[in-house]
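Here's the structure we're looking at; comments come further down.
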Amino acid sequence: MAIQLQQALEVGKYLLTQRLKGRKYFPLVLMLEPLFRCNLACPGCGKIQHPKEILKQHLTPQECFTAVEECGAPVVSIPGGEPLLHPQISEIVKGLVDRKKFVYLCTNGLLLKKNLDKFEPSPYLTFSVHLDGLQANHDKCVDRKGVFQIAVEAIRAAKARRFRVTTNTTVFEGTDPKQMQEFFDFLESLNIDGMMISPGYSYEWAPDQDNFLKRQQTRLLFQEILNPFKTGKKNWNFNHNPLFLDFLMGEKDYDCTPWGSPSYSVLGWQKPCYLMNEGYYATFKELIEKTNWNNYGYKSGNPKCSDCMVHCGYEPTAAMAAMQLENIPQVVGSLFKIGA
């Protein structure tokens, strides 16, 4: 299965508890950014555009643990920058695993193989390796030759050591659906534990602003890409709620849940989400209580949100939709899909 059963059950229990308590604004995934430094300069990412004095900073393990406890999300995604550049990343991960948080350590793979000894396999730890396509396309996306091969070797090494490994793929304008399908076939051959896909969104600081998808483009492109999966011709192992995939293809009409994946970094709690540069709050409580959430999401009319269909905003919406009775059979069925 893609989303492992233990995680699905614990997240489901968490969502049910929030609903029974009558809470509207609660997080599902904490995006914990312990540093912005990176060993790549991908044109579709703006993290390394921060001033040098910011790039030199990183969160301490205790700051990470405090943020996790403050917001209470059951899942913690650790992006960057490149988290494996953090001198205490293994201590941070161990502390989160000890707290029984489901940790996704996001990495470009360049440093993964030589750092595996710092970690222990656990159902609570997953390495999420960034791959945007097969070799030529991925190396172009990250603007460096050879990165794809190094990342694939790292995936094989991690799987040989019994670590959970997923991939994270951003789909940009101009993507060839057939090539993406061939890419998914290749990933299946690596015996990974799931694939994540998301349309590229116009992140304000990204150097390349020309290849992000518009909303209707996203739907049409994902309809083509996922057609073999939808019709049962392919059984790709996606690490997604199936309702989110329906949303990408235009079969579901959801609005964004911007508070569902809050972002915490050396600058504080980013408002309203990691894709917008509208400042920071010192505490999670301030983020939730002082943000006018009606100003964000597709239905708000905010032009910055008009084309966004990124998983950090819409996966939480799909997760809540999965709790509705009419959607439970589809979601449960995806967990036990033969061959997944």
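Just a few scattered comments:
- Extension reserve of the LYS159-LYS13 stretch, reckoned as 0.36 nm per residue once the Cα distance is removed: 49.7 nm
- Fraction of antiparallel bridges per DSSP, the chain only, in percent to nearest 5: 15 percent
- Measuring nothing but how far apart in sequence close Cα pairs (under 8 Å, 6+ apart) lie, relative to its length, the range 5-337 scores a relative contact order of 17 percent.
- Database remark: amide H of CYS106 closer than 5 angstrom to the amide H of ILE78, SER128 (H placed geometrically; neighbours at sequence offset of 5 or more, or on other chains; Pro and chain starts carry no H).
- Note on the range 115-197: dipole from Cβ charges, positive end direction compared against LEU116, MET180, GLY146; the farthest Cα belongs to LEU116.
- Counting Cα-Cα pairs of the range 70-226 in 5 Å increments starting at 0 gives whole-percent bin shares of 2, 8, 17, 20, 19, 15, 11, 6, 1.
- Dipole in debye (nearest 20) - the chain, about Cα centre, beta carbon charges: Lys, Arg +1; Asp, Glu -1: 580 debye
- Cross-link reach is defined here as a Cα-Cα straight distance under 12 Å, omitting same-chain residues fewer than 8 places apart; for LYS118 the aspartates and glutamates meeting it are GLU91.
- Highest-MSF residue in the chain out of GLY22, GLY297, GLY268 [GNM, Cα springs under 10 Å]: GLY22
- Per-q log10 I(q)/I(0), the range 152-280, q = 0.11, 0.13 Å⁻¹ (Debye; single scatterer per alpha-carbon; no solvent): -0.48, -0.68
- Both radii were evaluated on the Cα set of the range 5-337; the Rg over Rh quotient, with Rh as the Kirkwood radius, amounts to 0.92.
- For the chain, the solvent-accessible area with a 1.4 angstrom probe is 44 square angstrom per residue.
- Residue of THR107, THR231, THR167 that the Gaussian network model of the chain assigns the largest fluctuation, springs spanning Cα pairs under 10 Å: THR231
- Helical mean residue ellipticity (222 nm; -39500 (n - 2.57) per DSSP H run of 4+; nearest 500) of the chain: -11000 deg cm²/dmol
- Mean-position separation - Cα centroids, the range 255-288 and the range 68-139, in angstrom: 20 Å
- Residue with peak Gaussian network fluctuation, the chain [Cα springs, cutoff 10 Å], from ARG164, ARG99, ARG23: ARG23
- Note on the range 5-337: dipole from Cβ charges, positive end direction compared against PRO87, PRO74, THR169; the farthest Cα belongs to PRO74.
- Unit Cα scatterers, Debye sum, the range 35-139: log10 I(q)/I(0) for q = 0.18, 0.19 Å⁻¹: -0.93, -1.03
- Subset of LYS140/LYS178; LYS13/LYS230; LYS52/LYS113; LYS24/LYS271 violating a 26 Å alpha-carbon distance limit: LYS13/LYS230; LYS52/LYS113
- In terms of the mean number of neighbouring beta-carbon atoms within 10 Å, the peptides 7-17, 113-123, 55-65 order highest first as 55-65, 7-17, 113-123.
- Integer Hz, Karplus 6.51/-1.76/1.60 couplings in order for the range 130-135, x for Gly and Pro: 6, 9, 9, x, 5, 3
- Heavy-atom accessible surface of the chain: percent carbon and sulfur, 1.4 Å: 52 percent
- Computed over the range 188-319, relative contact order equals 29 percent, with contacts defined as Cα pairs under 8 Å that lie 6+ residues apart.
- Positive-pole candidate from HIS50, PRO61, PRO316, dipole of the chain, charges at beta carbon: PRO61
The values are calculated or read from the model by the stated rules, or taken from the named source; none is laboratory data. Keep in mind the model is a prediction, meaning the values are calculated, not measured. Methodologically, a virtual Cβ is constructed for each residue, glycine included, from the backbone with ideal geometry; neighbour enumeration extends over all protein chains shown. Areas reflect the complete protein model, heavy atoms only, side chains present, ligands, DNA and RNA absent. Shrake-Rupley method; radii C 1.70, N 1.55, O 1.52, S 1.80 Å.
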